[in-house]
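Contents: one structure, followed by commentary.
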Amino acid sequence: MSTVIKNGTIVTHDLTYKADVLIDDGKIIEIGKNLPGADELDATDCYVMPGGIDPHTHLEMPFMGTYSTDDFESGTRAALAGGTTMVIDFALPSPGQGLHDALKMWDNKSTRANCDYSFHMAVTWWGEQVFDEMESVIKDRGINTFKHFMAYKGALMVNDDELYASFSRLSELGGIAMVHAENGDVVAELSAKLLAEGNTGPEAHAYSRPPQVEGEATNRAIMIADMAGVPLYVVHTSCEDSHEAIRRARQQGKRVWGEPLIQHLTLDESEYFNKDWDHAARRVMSPPFRNKQHQDSLWAGLQSGSLSVVATDHCAFSTEQKQFGLNDFTKIPNGTGGLEDRMPMLWTQGVSTGRLTLNEFVAVTSTNIAKILNCYPKKGAILVGADADIVVWDPNKEKTILAANQQSAIDYNVFEGKKVRGLPRFTLSRGSIAIYDGEIRTEEGHGKFVRREGN
C-alpha cells in the first residue's frame with residue numbers, strides 16, 4: 001500500500017525544493033507535485049530529509065567484563081525516535097577468534113533491530129586466519145570497513161607492524177581502514193602514573209588521554225595508510241591536534257575522513273570536574289571531552305568540509321556498570337549514549353545557530369557516510385529508487401532532553417536538561433512508519449542487514 005508525504009520541503013545534501021514523495025514497497029517511487037497515495041503524511045512546515053545514518057555504535061558490546069546496556073532493539077528504537085534510520089555497529093572478534101565466527105555472534109544479536117543496519121569488522125589481532133578471511137568478509141558478506149584500535153593496550157590494541165600489514169591487505173581488497181587513534185602505550189604510562197599519585201577519579205581519565213596522544217596516533221595512522229595505499233577513516237575525532245593532521249592530509253590529496261561525535265561538539269571537559277562522581281563517570285569515554293577551543297575546531301571542520309561525518313559512538317553503560325571503577329578510573333567502562341539525541345542536538349546547536357546550512361546538516365548526518373561506505377543512493381538519498389528511509393523534520397518541535405523520557409535502556413542521559421528545537425514529526429524505515437508525531441511504532445526485527453561492496 002502506497003504512502004505519500006505531502007506539503008513538505010525536500011532537503012538533500014545539495015538541493016532544497018518543495019515536492020511530494022510517493023513511497024511503495026519500501027522504496028521511493030516518485031517525487032513531484034500533487035502526488036496521490038493510499039495513505040497521506042502531512043509535512044506542512046517540515047523538511048523531508050534522508051533518515052540519519054549513525055556509522056559508529058556499540059550495541060550489546062562486550063567491554064571490561066560487562067556488556068553495553070542498549071541492545072539492537074532498544075538502541076535502534078532510540079535511533080528512530082531521533083530521526084536516525086540506519087546504524088553501523090562493530091563486530092569485535094576475541095583474540096584468536098575468526099572474523100566470520102565473530103560476525104555470527106553479531107548476526108544473532110541484530111535480529112531484533114527496528115531499523116536497517118550494517119557492520120564494521122574490527123581487527124583485534126593479526127594472523128594468517130585474519131589475513132585470509134578479510135577477502136570473504138568483503139566479497140561474501142559485503143563489509144568493506146575494518147577498524148583498528150591503536151589504544152586499549154593489552155586488550156584490543158594492534159601494533160604498527162600489524163597495522164601496516166592489515167592496511168596493505170585492505171588496499172589489495174578494496175577495503176577502507178578505520179582507526180581509533182590514541183597512542184595506547186602513552187595512555188597506559190600516564191594512567192599508571194596518575195594512579196600511583198593517588199588520582200583515581202573520573203577526571204584522571206581525561207588527564208590520561210590528552211589531545212597529544214590522539215594527534216600523534218592520527219598522524220601515524222595517516223602516514224601508515226599512505227604507505228599502504230589505503231583510504232583511512234578516523235573515528236571520534238575530538239581535538240584540533242587530530243583535526244589538523246586530517247586537514248593537512250586532505251589538502252595533500254590523501255583519502256582521509258574525520259568523524260567528530262555529537263558529544264565532543266556539544267559537551268566539554270568541565271563535565272569531569274562535577275562533584276558528583278556518578279555524573280562525571282557517566283561521561284567517561286575515549287577520547288574524553290575536550291575544552292572549548294577543540295570544540296571550535298570541530299565545528300570549523302564541519303563547516304569547511306575537512307571533517308565529514310557526525311556520529312555518536314553510542315556505547316551505553318548504566319550507572320551501576322560505571323561504578324566498577326569507583327576507586328580506579330581505568331576500570332570505568334568507556335562509553336556514553338547519544339543515538340536518540342544526535343540529530344536534535346546537531347540541529348539545535350548547528351543549524352539553528354547558523355553554523356550549518358540545512359544541506360550541510362543532511363550531508364554530515366546521512367549522505368556523506370552513505371557515499372563513503374558504498375551504500376549511496378540506496379541510503380542517504382531522497383531519490384527515486386532509494387530506500388524510503390526518511391525523516392520528516394519539524395524545525396519548531398521542542399523538548400527538554402530527560403532520561404525519564406528516552407528510549408535508551410540506560411538510567412541517565414549525558415544531555416540531561418538540554419533544550420532542543422527541531423525533532424522528527426515522522427520517521428520512516430523502508431516506508432514503514434516507526435515514529436508518528438511522538439508515538440513509537442517501531443517493529444522489532446524489521447531491520448535488515450545492508451551489504452556494502454568493496455571499492
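The values are calculated or read from the model by the stated rules, or taken from the named source; none is laboratory data. All values derive from a computational prediction rather than experimental measurement. We place every Cβ from the backbone using ideal geometry, glycine too, and count neighbours over all the protein chains shown.
Observations on the model:
- When the helices (runs of 4 or more DSSP H) confined to region 180-290 are screened for residues that are in contact with a Lys or Arg (Cβ under 8 Å, 6 or more places away or on another chain), those reaching at least 1 such residues are found at 184-196, 202-207, 211-228, 262-266, 277-282.
- Members of region 325-335 that are buried (at least 16 other Cβ atoms within 10 Å of the Cβ) and over 19 Å from Asp89 (Cβ atoms): Gly325, Phe329, Thr330, Ile332
- Of residues in region 373-414 being in a loop (DSSP other than H, G, I, E, B) and touching a Leu at 6+ places or on another chain (Cβ under 6 Å), the one nearest to Asp276 (Cα to Cα): Ala388
Yes or no, residue by residue, for (1) among the charged types (D, E, K, R); (2) surrounded by fewer than 20 Cβ atoms within 10 Å (Cβ to Cβ); (3) in contact with a Gly (Cβ under 9 Å, 6 or more places away or on another chain):
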position	(1), (2), (3)
Val11	no, no, no
Ile29	no, yes, yes
Glu40	yes, yes, no
Ala43	no, no, yes
Met49	no, no, yes
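- Scanning region 1-44 for residues that are in a strand (DSSP E or B) and among the small types (Gly, Ala, Ser) yields one hit, Gly32.
- Against the list (1) assigned to a strand (DSSP E or B); (2) within 30 Å of Ala206 (Cα to Cα), the condition Tyr164 fails is (1).
- Test: residue in region 422-437 that is surrounded by fewer than 17 Cβ atoms within 10 Å (Cβ to Cβ), more than 30 Å from Gly174 (Cα to Cα) and in contact (Cβ under 8 Å) with a residue 40 or more places away in the chain: no
- Test: residue in region 311-329 that is assigned to a helix (DSSP H, G or I), free of Cβ contacts under 8 Å to residues at least 12 places away in the same chain and within 24 Å of Gly215 (Cβ to Cβ): no
- Count of residues meeting criterion [assigned to a strand (DSSP E or B) and either among the β-branched types (Val, Ile, Thr) or over 16 Å from the mean Cα position of the chain (by Cα) (or both)] in region 51-83: 6
- Options Arg255, Arg290, Arg282: the member that is modelled with pLDDT of 95 or more, of a type in the set (Lys, Arg) and more than 27 Å from Thr319 (Cα to Cα): Arg255
- Flag for Arg283 being of a type outside the set (A, V, I, L, M), over 19 Å from Gly215 (Cβ atoms) and either surrounded by 22 or more Cβ atoms within 10 Å (Cβ to Cβ) or not assigned by TED's automatic domain parsing to the domain that holds Tyr17 (or both): yes
- Hits in region 199-233 (condition: free of Cβ contacts under 8 Å to residues at least 60 places away in the same chain, surrounded by fewer than 20 Cβ atoms within 10 Å (Cβ to Cβ) and closer than 29 Å to Ala165 by Cα): Pro210, Gln212, Glu216, Asn219, Met223, Asp226
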